[in-house]
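Let me begin by presenting the structure, written as structure tokens, before commenting on it.
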Amino acid sequence: MNQKNEILRKVDEKGFAVTEWKLYTDTHPNDAQAVAALHRAAAEYKAAREEYLNEYGPLACTDMSNTSWIADPWPWDYEGCGC
Amino acid sequence: MFLYEKRLEYPVKIANVSAKNAKIVMDQYGGPDGELGASLRYLSQRFSMPFPELKALLTDIGTEELGHLEMIGAIVTQLTRNLSAEEAKKGGFDAYFLDHTTGVYPADSAGVPFNAACIQSTGDVIADLMEDMAAEQKARLTYDNILRLVDDADVKDVIRFLREREIVHFQRFGEALRLVTDKLDDRNFYAFNPSYDKHCNCNG
């Protein structure tokens, strides 16, 4: 796995933790431990996201980055060559 | 509003092209229990949800389902990468190919276009949440059947992730339903629809 994919994988993992804790705290808004876990996950996600943005371009169209928003590859692009 | 994030919720990297597998997986793009119906169902129902927990849950799950729709589209497009007409014919994909070539179009596995008649938005929180729980089970069993029919490890890995999400969503909708019934008259919670039968005190 190249470094770009490695960092993106980290963004995916941290983003997934946020998704999971978010859904759980939607139905358990008074669970203080879960809310704390959501905040921790959100901070880790933000950090991983920043790491990616600085090197490999914007993840959202509102992100400031040196790389173009329109640049390939888009998330569904994969040529099947293991890259 | 919605803000797009330029990544998939879970990576999709399909090495081997297969029209046959594309035809099967396509069902979760535009089929009756697919991800398009799921996202439209929850994102529509949320407008009549009576409590903040439910507005949040329907918004968050509906949004995640849009991400799943994108993942299914990514699987289908990668399964048909550089597909020849000959391969389409061999994989039983020729009827689809005739209208759409290898474009990703919301239809079920048999080519029937997506139809909003397969979802509901009733304005009744109990009816809607019951439908949502059933919808998650129907999507889960469709993924079970995809795992039975597809023989490609790259595809199955992503499908297993999506199948797990249906189980988590079912659990959260169950909790949401419990939350609603706790807030209603527990002797007959069907007697009152909090999104419609409002107790309005605005006129004193």
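The values are calculated or read from the model by the stated rules, or taken from the named source; none is laboratory data. Predicted model, so just to flag it, every value in this text is computed and none were measured. Ideal geometry is used to build each Cβ from the backbone, glycine not excepted, and the neighbour counts take in all protein chains shown.
All of B:182, B:144, B:151, B:157 fail the test of being of a type outside the set (Val, Ile, Thr), assigned to a loop (DSSP other than H, G, I, E, B), more than 14 Å from the chain's Cα centre (by Cα) and surrounded by fewer than 17 Cβ atoms within 10 Å (Cβ to Cβ), apart from B:151. Residue B:93 satisfies every condition listed in (1) within 18 Å of the chain's Cα centre (by Cα); (2) surrounded by 13 or more Cβ atoms within 10 Å (Cβ to Cβ) except (1).
When A:32, A:37, A:60 are checked against the criterion of being crowded, with 16+ Cβ neighbours inside 10 Å and without any contact (Cβ under 8 Å) to a residue 24 or more places away in the chain, a single residue qualifies: A:37. When restricted to residues that are over 22 Å from the mean Cα position of the chain (by Cα), buried (at least 16 other Cβ atoms within 10 Å of the Cβ) and of a type in the set (Gly, Ala, Ser), the range B:72-90 contains 1.
The set of residues from the range B:12-34 being within 14 Å of chain A (Cβ to nearest Cβ) and either among the small types (Gly, Ala, Ser) or without any contact (Cβ under 8 Å) to a residue 40 or more places away in the chain (or both) comprises B:15, B:18, B:22. Residues in the range A:33-83 that are of a type in the set (Ser, Thr, Tyr) and part of a loop (DSSP other than H, G, I, E, B) were compared, and the one that is nearest to the other protein chains (Cβ to nearest Cβ) is A:78. Selection of first residues in the range B:78-104 that are over 21 Å from residue B:155 (Cβ atoms) and free of Cβ contacts under 8 Å to residues at least 40 places away in the same chain and of second residues that are of a type in the set (Asp, Glu) and not in a helix (DSSP H, G or I), restricted to Cβ pairs under 9 Å at least 6 apart or on distinct chains, gives an empty result. Among the conditions (1) away from chain A (no Cβ under 13 Å); (2) surrounded by 22 or more Cβ atoms within 10 Å (Cβ to Cβ); (3) over 24 Å from residue A:77 (Cα atoms), the only one that residue B:57 does not satisfy is (1). Of B:62, B:37, all but one fail to be in contact with a Lys or Arg (Cβ under 7 Å, 6 or more places away or on another chain), buried (at least 16 other Cβ atoms within 10 Å of the Cβ) and assigned to a helix (DSSP H, G or I); the exception is B:62.
Exactly one residue out of B:160, B:140, B:148, B:172 is at pLDDT 95 or above and within 13 Å of another protein chain (Cβ to nearest Cβ): that is B:172. Comparison of B:82, B:115, B:145 shows that the only residue that is at positive phi and of a type outside the set (A, V, I, L, M) is B:82. Selection within the range B:40-54: residues that are in a helix (DSSP H, G or I) and among the aromatic types (Phe, Trp, Tyr). The member of this set that is surrounded by the fewest Cβ atoms within 10 Å (Cβ to Cβ) is B:47. Within the range A:38-83, restricting attention to residues that are over 16 Å from the mean Cα position of the chain (by Cα) and of a type in the set (S, T, N, Q), which residue is modelled with the highest pLDDT? Filtering first and then ranking leaves A:68. Restricting the first member to the range A:10-26 and to residues that are at the interface with another protein chain (Cβ under 7 Å from one of its Cβ atoms) and under 16 Å from residue A:36 (Cα atoms), and the second to residues that are surrounded by 17 or more Cβ atoms within 10 Å (Cβ to Cβ) and hydrophobic (A, V, I, L, M, F, W, C), the beta-carbon pairs closer than 7 Å and six or more apart or on different chains are A:22/A:38; A:23/B:57; A:23/B:61; A:26/B:56; A:26/B:57. Of the residues screened, residue B:166 is one that is of a type in the set (Asp, Glu), within 13 Å of another protein chain (Cβ to nearest Cβ), part of a helix (DSSP H, G or I) and surrounded by 19 or more Cβ atoms within 10 Å (Cβ to Cβ).
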